[in-house]
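Asker: Here it is, the structure, as structure tokens.
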Amino acid sequence: DAKTTQPPSMDCAEGRAANLPCNHSTISGNEYVYWYRQIHSQGPQYIIHGLKNNETNEMASLIITEDRKSSTLILPHATLRDTAVYYCIVRLEGGSEKLVFGKGTKLTVNP
Amino acid sequence: EPEVTQTPSHQVTQMGQEVILRCVPISNHLYFYWYRQILGQKVEFLVSFYNNEISEKSEIFDDQFSVERPDGSNFTLKIRSTKLEDSAMYFCASSEEWGMSEQYFGPGTRLTVT
């Protein structure tokens, strides 16, 4: 699976959009981008995933660049409860089922 | 909303003792996983399980570990002879399908080996 690079930490003001970047420059054509988050030692929580088109659900939006070498997770109106570690994970379609977690980005939403 | 549950939430055991960590996956899910997270470190994959068989395991999952689905609802992780370095949060997860299906995680069991 392709390696991902994320900033170790970010801050965001409550009510503002949080934009979390992820670089995956070695991603291959059939590798998907997944985002999970972990709120203070709880179990990781699935957020969203995509292949090449932008995706949106009730939690977030995922913007993938045209060359697929990077992506951005957008939380449109961050709340204090969104403070968590956010993980960007690349998974090969039909490959291993395991999720390989990196260190992620610690997002702190400030009041 | 259905969720993965785990018991106990915290287990304290002495080195060398056997422990069994229990999980109840989401009812219509067919694929089950265990992960662990040592304090301050990354979440690490241990094992995946489908159709009563291990489908993949990591190097961490050595002979001291075993998994079982003893009935239609429970999924267990057994550590035969615990070591100090087994102290960690253990997360169970399940998914509905193989492939690009999202995994749903339980709240975890904190295992402390003294």
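Asker: Would it be correct to say that B:Gly40 is touching a Gly at 6+ places or on another chain (Cβ under 7 Å) and either within 12 Å of chain A (Cβ to nearest Cβ) or basic (Lys, Arg) (or both)?
Answerer: Answer is no for this residue.
Asker: Of B:Ser9, B:Ser66, B:Ser58, B:Ser87, which residue is within 15 Å of the chain's Cα centre (by Cα), within 26 Å of A:Lys106 (Cβ to Cβ), more than 13 Å from every other protein chain (Cβ to nearest Cβ) and modelled with pLDDT of 95 or more?
Answerer: After ruling out the rest, the residue left standing is B:Ser87.
Asker: Let me ask something additional. Got a number for residues in region B:4-38 being in a loop (DSSP other than H, G, I, E, B) and in contact with a strand residue (DSSP E or B) (Cβ under 7 Å, 6 or more places away or on another chain)?
Answerer: 10
Asker: Inside region B:53-103, can you point out the residues that are of a type in the set (A, V, I, L, M) and either more than 20 Å from B:His10 (Cβ to Cβ) or outside any strand (DSSP E or B) (or both)?
Answerer: Of everything in region B:53-103, those that are of a type in the set (A, V, I, L, M) and either more than 20 Å from B:His10 (Cβ to Cβ) or outside any strand (DSSP E or B) (or both) turn out to be B:Ile54, B:Ile60, B:Val67, B:Leu84, B:Met100.
Asker: Those residues that are at the interface with chain A (Cβ under 7 Å from one of its Cβ atoms) and either over 23 Å from B:Asn52 (Cα atoms) or in contact with a Gly (Cβ under 6 Å, 6 or more places away or on another chain) (or both), I need them from region B:90-107; list them, please.
Answerer: Across region B:90-107, the qualifying residues are B:Phe91, B:Phe105, B:Gly106, B:Pro107.
Asker: Keeping to region B:46-67, report how many residues are farther than 15 Å from B:Ile79 by Cα and surrounded by fewer than 16 Cβ atoms within 10 Å (Cβ to Cβ).
Answerer: 5
Asker: Would you point out the residue of region A:33-65, among those that are in contact (Cβ under 8 Å) with a residue 12 or more places away in the chain and in a loop (DSSP other than H, G, I, E, B), that is nearest to the other protein chains (Cβ to nearest Cβ)?
Answerer: This residue is A:Pro44.
Asker: To continue, here is another question. If a residue has to be of a type outside the set (Val, Ile, Thr), farther than 19 Å from B:Tyr104 by Cβ and in a strand (DSSP E or B) to count, how many in region A:74-89 make the cut?
Answerer: 1
Asker: Turning to a different aspect of this structure: With (1) surrounded by fewer than 13 Cβ atoms within 10 Å (Cβ to Cβ); (2) more than 14 Å from every other protein chain (Cβ to nearest Cβ); (3) more than 14 Å from B:Asp86 (Cα to Cα) as the list, and B:Arg22 as the residue in question, which single condition is left unmet?
Answerer: (1)
The values are calculated or read from the model by the stated rules, or taken from the named source; none is laboratory data. Fair warning: this is a prediction, and the values are worked out from it, not measured in the lab. We place every Cβ from the backbone using ideal geometry, glycine too, and count neighbours over all the protein chains shown.
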